[in-house]
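The values are calculated or read from the model by the stated rules, or taken from the named source; none is laboratory data. Keep in mind that this is a model prediction, so the values were computed, not measured. When we count neighbours, we look across all protein chains shown, and the Cβ atoms used for this are built from the backbone with ideal geometry, even at glycine. Note: accessible area is taken over every heavy atom of the protein model, side chains too, but ligands, DNA and RNA are not part of it. Shrake-Rupley method; radii C 1.70, N 1.55, O 1.52, S 1.80 Å.
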Amino acid sequence: ICGVGMKVTSTGREFDYHQISGTSMATPAVAASIGLMYQRYRQLNSNENPRGVLMKSIACNTADDLGNKGPDYIYGFGLINLRRAIEVVEQEQYMVAEISNEEENVFTIEVPEGLSELKIMLNWNDKEAESGVIKTLVNNLDLQVTNPFNNTYTPWTLNHESDKVDDVAVRGIDALNNVEQVTIDNPVAGTYKIKIKGTEIAFGPQAFCVSYDLIKPELILTHPFGEERFIPNQRELIQWEAERANTSPFKVEYSEDGGNNWTVIADNIAANKRHFLWQLEDATVTNAGKIRVSRSNGAEVSMNQHDFSIQYRPENMTASAICDGYIKLKWEEVPNAKHYEIQTLVEGAMYPIDVTDDREYILENNFVSGEKYWFSVVAINEGGHKSERSIATSCVASDNGGCPWGADGKIIYHIPQEDGRHLTSLSIDINQ
């Protein structure tokens with residue numbers, strides 16, 4: 001399985017942002033996707049954790065195939081597709097069972113009409129092999145799929161010889177791997193038999209899982225989905241999904257009034273493309289943004305379900321300690337902003353603490369001298385819609401800042417109250 005690892009924007013080590021490439025970007029994206037699959041499974045199954053082998057099977061089987069058709073040594077089973085994986089979890093398109101040596105398990109699934117592809121995957125956690133052996137597969141299971149006309153399909157296999165690793169996968173019996181996949185283009189409707197055979201199980205019974213994905217020839221806009229907060233003059237990646245066999249170019253349009261009027265952003269986008277980088281330099285400030293992607297032949301159209309907004313965010317925010325216990329925030333005026341929401345970092349998240357109509361704000365919060373605090377501000381327009389927050393700014397609390405007031409009186413010591421008429425006056429020392 002693979003994830004996006006080129007020019008990914010992420011946080012830096014100095015409380016900043018960077019564009020970084022490599023497995024350090026791709027790996028956490030895949031891991032986080034699997035984490036969301038776990039979360040959704042737990043929500044649907046009384047907080048029970050799924051088997052790891054099941055999550056792996058679903059993630060690999062629902063991936064978008066890249067490179068050579070079928071699995072290959074560059075992309076594996078393809079680019080992880082979290083939307084499809086979650087749908088398989090929600091629709092329970094999987095089976096979990098056990099099998100012993102030379103035993104056969106048969107499952108049936110109903111395949112509807114009009115699919116562009118059927119994908120079925122077998123996966124199991126094999127017993128560890130002895131060190132130094134040439135073949136590391138210990139328990140060997142085999143997958144076979146039969147359609148309603150008794151046509152049989154075996155899994156895709158790759159040639160592992162060093163001069164054959166670029167060869168396209170071919171169907172055959174796999175005796176080397178614990179992940180096997182069958183894909184069928186334009187499958188006929190009807191009942192399919194999935195046969196799992198315990199060909200060689202030295203240590204059993206062996207638990208396994210089967211997952212399947214029913215892919216329709218549909219066009220789906222995946223970003224923006226809605227309620228995003230975009231910034232004028234920046235770039236956003238418009239993304240959509242369509243079947244691999246698509247041959248029609250795409251068109252992308254933008255509406256600033258909720259879909260009443262449309263402007264073409266790009267036309268005649270190649271049929272194998274699934275994204276377009278949109279430069280928002282001509283985009284108008286709006287709370288009712290929509291994107292529409294369509295096949296150029298007019299067959300299908302898809303747009304975001306909920307409106308997104310395009311608004312300027314506060315820039316060049318500063319935070320400075322002005323008095324003992326006080327911090328002053330300032331930022332540039334934001335066009336169309338009526339109010340500003342002040343945020344501070346609380347337990348790892350930016351938390352709103354107040355709203356102001358001004359472009360500066362003084363906080364009093366018993367700040368500890370020498371401690372670092374983080375702040376941000378969000379612009380709010382007349383309709384109550386919020387911008388993306390400003391890049392957070394830090395400030396070290398101090399009692400040496402320039403106070404805006406004539407005198408800063410602070411009680412540094414007081415004499416405890418005592419009984420007696422002659423002690424009714426309270427003596428204090430103050431630091432001016």
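A few points about this structure:
- Taking label positions 7 Å along the Cα-Cβ direction at both E87 and K164, the computed distance is 3.6 nm, reported to one decimal.
- R0 of 45 Å, Cβ-Cβ distance S10-I109: FRET efficiency to nearest 0.05: 0.65
- Residues of type lysines that K330 reaches as a straight line, Cα spacing below 22 Å, ignoring anything fewer than 8 places off in the same chain: K338, K372, K386
- Longest site-free stretch - the chain; sites: trypsin sites (Lys or Arg not before Pro), DSSP loop, at most 11 other Cβ within 10 Å: 165-432
- Restricting the chymotrypsin sites (Phe, Trp or Tyr not before Pro) of region 50-139 to loop positions (DSSP other than H, G, I, E, B) with no more than 11 neighbouring Cβ atoms within 10 Å leaves nothing.
- Counting Cα-Cα pairs of region 36-135 in 5 Å increments starting at 0 gives whole-percent bin shares of 2, 10, 18, 19, 19, 17, 10, 4, 1, 0.
- Taking all protein chains together and rolling a 1.4 Å probe, T263 ends up with roughly 80 Å² accessible.
- Legend: translational diffusion of region 190-311 by Stokes-Einstein, Rh = Kirkwood radius over C-alpha pairs, 4 °C, 1.567 mPa s; D = 77 µm²/s.
- Fraction of accessible area attributable to carbon and sulfur, the chain (%, probe 1.4 Å): 46
- The residues neighbouring K7, those whose beta-carbon lies less than 15 Å from its own, together hold a net charge of 0 under the Lys/Arg +1, Asp/Glu -1 convention.
- Of the chymotrypsin sites (Phe, Trp or Tyr not before Pro) found in region 127-159, those in coil by DSSP whose Cβ has at most 13 other Cβ atoms within 10 Å are F149.
- Reported label for calculated percent of Cα pairs over 38 Å apart given (1) 44; (2) 27; (3) 24: (1)
- Modelled spin-label separation between A266 and S394, with each label point placed 7 Å from Cα along the Cα-to-Cβ direction: 3.8 nm.
- Sites matching chymotrypsin sites (Phe, Trp or Tyr not before Pro) across region 229-310 that sit in DSSP coil, with at most 16 neighbouring C-beta atoms within 10 Å: W262
- FRET efficiency for E200 and V301, using Cβ-Cβ distance with R0 set to 60 Å, rounded to 0.05: 0.70
- Using the 1.4 Å probe convention, the accessible area of region 1-118 works out to 57 Å² per residue with neighbouring protein chains retained.
- For K330, net neighbour charge (Lys/Arg +1, Asp/Glu -1) across residues whose Cβ lies under 12 Å away: -3
- Mean Kyte hydropathy of 0.0 or more with a Cα span along the axis of at least 27 Å, helices from DSSP in the chain: 23-44
- Zone residues, region 198-214, relative to T154, backbone N less than 20 Å from point 7 Å out along Cα-to-Cβ: 198-201
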